[in-house]
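Peer 1: Quick one: structure below, then a few questions.
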Amino acid sequence: MKLSELMAGLKPDPAYTGWVTNDDQVFAINIEPGAETPVTPTDYAVVQMGIEGLDSQLNPITVDKTYIRAGQSTMRTGTQRSFKVTGDRYIGDEAQDYCLSHKLKYGTGNAVITDYVYFNVLTGKGEKGKVSIIINSDGSGNAGESSAIDIEFKKVGSTPEEYAYAAEAPASVKGGIAVDNK
């Protein structure tokens, strides 16, 4: 599913306040990196079909030092953003088929790097950056069970930039999701 399809009829409200569930978070990837015509985020593939868990982590990088008469100090020197996706294999889903392709399972370096957006559908606020795709499992489980997948996406290069899907307020909000009344 393309991001534009997921967001059809939804208008995030940057002023939204209230509870957020993991279902309100969207993680979408560019499945055509290096295409002749640049791919816009609205054409990214949403990572959701068969996905049970999306674990987004901000892993701080720190340096600890002890100073005379001041004691120990910790300084944060960076942040490693990562996403871990777990769930069941669904053949025919654009995002899964791309990530679990032979090229990516065994690829290295730039061949496994792509663009991503991660944002909240209620506010439209999030981030945009680049990730390296790491396949931990392309199908596991016991007889009679669904084939489980485990994929990690780790930030590559510079700090992700702020991203906003939309800036206009919704016509109404139902069940925490902004809905277009057109």
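Peer 1: Within the chain, what is the longest stretch that has no GluC sites (Glu not before Pro) placed in a DSSP loop and near at most 13 other beta-carbon atoms within 10 Å?
Peer 2: Numbers: sites that count: 36, 145, 168.
Answer - 37-144.
Peer 1: What is the sum of charges, Lys and Arg at +1 and Asp and Glu at -1, for the other residues whose Cβ falls under 15 Å from the Cβ of residue 158?
Peer 2: Surrounding charge for residue 158 is +1.
Peer 1: What do you get for chymotrypsin sites (Phe, Trp or Tyr not before Pro) in the stretch 67-147 restricted to DSSP loop and a cutoff of at most 11 other Cβ within 10 Å of the site's Cβ?
Peer 2: Answer in residue order: 106.
Peer 1: Each residue of the stretch 71-85 in order: what ³J(HN,Hα) in whole Hz does its phi give by Karplus 6.51 cos²θ - 1.76 cosθ + 1.60, θ = phi - 60°, with x for Gly and Pro?
Peer 2: x, 6, 10, 10, 10, 7, 10, x, 9, 9, 7, 8, 10, 10, 10
Peer 1: If you filter the stretch 1-77 for trypsin sites (Lys or Arg not before Pro), then keep DSSP loop positions with at most 16 other Cβ within 10 Å, what is left?
Peer 2: Here the sparse-neighbourhood loop sites are 69.
Peer 1: Here's a follow-up. Can you tell which of 38, 91, 15 lies farthest toward the positive end of the dipole of the chain, using +1 and -1 charges on the Cβ of basic and acidic side chains (Lys, Arg; Asp, Glu)?
Peer 2: 15
Peer 1: Let me ask something additional. Report the per residue volume, in Å³, of the convex hull enclosing the C-alpha atoms of the stretch 27-95.
Peer 2: Once divided by residue count, the hull of the stretch 27-95 is 133 Å³.
Peer 1: May I ask you to list the residues of the stretch 9-43 whose amide nitrogen lies under 20 Å from a point 7 Å from Cα along the Cα→beta-carbon direction of residue 90?
Peer 2: Backbone N within reach: 9-10, 21-32, 42-43.
Peer 1: With the other protein chains left in place, how much accessible area per residue, in square angstrom, belongs to the stretch 3-70 at a 1.4 angstrom probe?
Peer 2: Working: 4410 Å² over 68 residues.
That works out to 65 Å² per residue.
Peer 1: Next up: Summing +1 for each Lys or Arg and -1 for each Asp or Glu, what net charge is found among the other residues whose Cβ lies under 11 Å from the Cβ of residue 148? Please list the in-between numbers first.
Peer 2: Working: positive: 89; negative: 52, 88, 138, 145, 150.
Summing Lys and Arg as +1 and Asp and Glu as -1 gives -4.
Peer 1: Now a separate question. With charges set only on the Cβ (+1 for Lys and Arg, -1 for Asp and Glu), what does the dipole of the stretch 95-168 come to about its Cα centre, in debye to the nearest 20?
Peer 2: 240
Peer 1: A further question follows. Is there a pair in 11/128; 2/84; 2/130; 125/155; 84/125; 65/125 whose C-alpha atoms are over 30 Å apart, and which pairs would that be?
Peer 2: Long pairs (Cα-Cα over 30 Å): 65/125.
Peer 1: Taking the Cα centre as origin and putting +1 on Lys and Arg beta-carbons and -1 on Asp and Glu beta-carbons, what dipole magnitude results for the chain, to the nearest 20 debye?
Peer 2: Once rounded to the nearest 20, the dipole reads 780 debye.
Peer 1: OK, next. Run the accessible area of the chain with a 1.4 Å probe and give the carbon-and-sulfur part as a rounded percent.
Peer 2: The value for the chain is 50 percent carbon and sulfur by accessible area.
Peer 1: Please give the calculated 222 nm ellipticity per residue for the chain, where each DSSP H segment of at least 4 residues contributes -39500 (n - 2.57) and the sum is spread over every residue; nearest 500 deg cm²/dmol?
Peer 2: -1500 deg cm²/dmol
Peer 1: Moving to a separate point now. Quick one: grab the alpha carbon gyration tensor of the stretch 48-145, order the square roots of its eigenvalues as a ≥ b ≥ c, and give me rounded if a/c is under 1.5, else prolate or oblate depending on whether a/b is larger than b/c. Could the numbers behind the result be given before it?
Peer 2: Working: a/c = 2.27, a/b = 2.04, b/c = 1.11.
Here the stretch 48-145 falls in the prolate category.
Peer 1: Subtract the Cα-Cα distance of residue 136 and residue 49 from 0.36 nm times their separation in residues, and report this length gain in nm to one decimal.
Peer 2: On the way: separation 87, 0.36 × 87 = 31.32 nm, distance 1.80 nm.
Contour length minus Cα-Cα distance gives 29.5 nm.
Peer 1: Go through (1) 15.4, 44; (2) 18.8, 66; (3) 14.2, 39 and flag the label whose value is the computed Rg and Dmax of the Cα atoms in Å for this structure.
Peer 2: So the structure-derived entry is (2).
The values are calculated or read from the model by the stated rules, or taken from the named source; none is laboratory data. What you see is a predicted model; the values in this text were computed from it and never measured. We place every Cβ from the backbone using ideal geometry, glycine too, and count neighbours over all the protein chains shown. Surface accessibility is based on the protein's heavy atoms, side chains included, excluding ligands, DNA and RNA. Shrake-Rupley method; radii C 1.70, N 1.55, O 1.52, S 1.80 Å.
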